[in-house]
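Enquirer: Take a look at this one; I'll ask things after.
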Amino acid sequence: MVFRLDKGKESKNFFQEVAPYLNLGWQLVVTILIITFIGILLDRHFETKPLFTLIFAFLGCAVAIYDFIRSVLKASKKK
């Protein structure tokens, strides 16, 4: 399969349709990393090695998936 992007209206429409979804991967990763990092900091502070890291890692995944679904639904409503 070969994608040809001709300059003009067709390529502009393609990028306008795809643009809202390009950031979603980074959004997932950054959300999980930040919330997991908070868990690591709490574990260091309270000296509870894996407890808060695991809790916040799962919490980060749940928040990231929720935010992903919300963003996709919001972007699809704009169409």
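Enquirer: I need the helices of the chain that pass two filters: whole DSSP H segments spanning 27 Å or more by Cα along the axis, and mean Kyte-Doolittle score no lower than 0.0.
Expert: Helix filter hits for the chain: 24-46, 51-77.
Enquirer: Take the Cα of Y66, step 7 Å along the line toward its Cβ, and report every residue of the range 31-60 whose backbone nitrogen sits under 16 Å from that point.
Expert: Answer for this model: 31-36, 55-60.
Enquirer: Quote to one decimal, in nm, the extra length available between R44 and L59 on full extension: 0.36 nm per residue of separation minus the C-alpha distance between them.
Expert: 3.6 nm
Each value in this text was obtained by applying a stated rule to the coordinates, not by laboratory testing. Not measured: the values here are computed from a predicted model. Cβ sites come from the backbone with ideal geometry, for glycine too, and all protein chains shown count toward neighbours.
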